[in-house]
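To start, the structure under review is shown below, and the notes come after it.
The values are calculated or read from the model by the stated rules, or taken from the named source; none is laboratory data. Please read these numbers as outputs of a predicted model, since none were measured by experiment. Positions of Cβ are generated from backbone atoms using ideal geometry, with glycine treated the same way; all protein chains shown enter the neighbour counts. Only protein heavy atoms, including side chains, enter the accessible area calculation; ligands, DNA and RNA are left aside. Shrake-Rupley method; radii C 1.70, N 1.55, O 1.52, S 1.80 Å.
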Amino acid sequence: TQLLEQSPQFLSIQEGENLTVYCNSSSVFSSLQWYRQEPGEGPVLLVTVVTGGEVKKLKRLTFQFGDARKDSSLHITAAQPGDTGLYLCAGNPRAGSYQLTFGKGTKLSVIP
Amino acid sequence: GAGVSQSPSNKVTEKGKDVELRCDPISGHTALYWYRQSLGQGLEFLIYFQGNSAPDKSGLPSDRFSAERTGGSVSTLTIQRTQQEDSAVYLCASSRRPSSEVGELFFGEGSRLTVL
């Protein structure tokens, strides 16, 4: 079983601060996705990274896939209250596989 | 509708009762997933349907759990003789195709099940 460990589990920061959350595994993933889930809603896809070393930017969010495709990070610049939510990473163990392995998530609270 | 629809949104039941949870996926999406999300836990895969292929039931935790998908569209997850440890949010997701490097899962809002 391929596991994804996310850290930190909880993060509370002030509006305007920067933060980074991590998603780590001892296994290689073909691709990795990040989802954000708000209370009472289902997760919503933010990004998919497929190439080792890949960096993708989505406004104030920067996603990186590790060179060895075993880890990923999400960096948020100048966090806003609207960024509050549960951030989940999900790994695809091999190309064409339909089973995603989800981490337990990082619960982010941005205080105005 | 435009998104994945799940019902009921909340269900409170007594231990030992049976429950049915319904999922209406996005029209045209051939892949359908059920996940379970317990407090403090990640999403736990339960079952996967793809077109007319036999479903992958490998994630169902016990034989009290079953699911079907009629006509390649609506799916029902049934839990028989519910136990307190079944309390969780049950999420349904659909996808245009099997999850791949660029596949995206579209999730419903979930059905929150509480077993007293």
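Looking only at residues of segment A:98-112 that are in a loop (DSSP other than H, G, I, E, B) and facing chain B (nearest Cβ under 7 Å), we find that the one that is most open to solvent (accessible area, probe 1.4 Å) is A:LYS104. Put simply, of A:LEU45, A:LEU108, A:LEU19 the only residue that is in contact (Cβ under 8 Å) with a residue 60 or more places away in the chain, of a type in the set (A, V, I, L, M, F, W, C) and under 22 Å from B:GLN37 (Cα atoms) is A:LEU108.
Picking from residues in segment A:63-87 that are open to solvent by less than 10 Å² (accessible area, probe 1.4 Å) and touching a residue at least 60 places away in the same chain (Cβ under 8 Å), the one that is nearest to B:GLY3 (Cα to Cα) is A:TYR87.
The criterion of at least 2 residues that are under 16 Å from A:ASP83 (Cα atoms) and open to solvent by less than 80 Å² (accessible area, probe 1.4 Å) is met by the following strands (runs of 3 or more DSSP E) wholly inside segment A:1-62: A:10-14, A:19-24, A:31-37, A:44-49. Look at segment B:17-43 and say how many of its residues are more than 15 Å from B:SER94 (Cα to Cα), out of contact with any Phe, Trp or Tyr (no Cβ under 6 Å at 6 or more places or on another chain) and not polar (S, T, N, Q). Of the residues in that region, 6 qualify. Filter segment B:70-82 for residues that are open to solvent by 50 Å² or more (accessible area, probe 1.4 Å) and not charged (D, E, K, R); which is farthest from the chain's Cα centre (by Cα)? The residue in question is B:GLY71. Considering the conditions (1) farther than 22 Å from B:SER5 by Cα; (2) within 14 Å of chain A (Cβ to nearest Cβ), B:LEU116 is excluded by exactly one of them, (2). Selection of segment B:12-25 for residues being under 12 Å from B:THR82 (Cα atoms), open to solvent by 60 Å² or more (accessible area, probe 1.4 Å) and in contact with a strand residue (DSSP E or B) (Cβ under 6 Å, 6 or more places away or on another chain) yields B:VAL12, B:LYS15, B:GLU20. The requirement of being under 23 Å from B:GLY16 (Cβ atoms) and either buried (at least 18 other Cβ atoms within 10 Å of the Cβ) or β-branched (Val, Ile, Thr) (or both) is not satisfied by B:PHE49.
Being touching a residue at least 24 places away in the same chain (Cβ under 8 Å) and either within 13 Å of the chain's Cα centre (by Cα) or within 14 Å of chain A (Cβ to nearest Cβ) (or both) is not true of B:LEU60.
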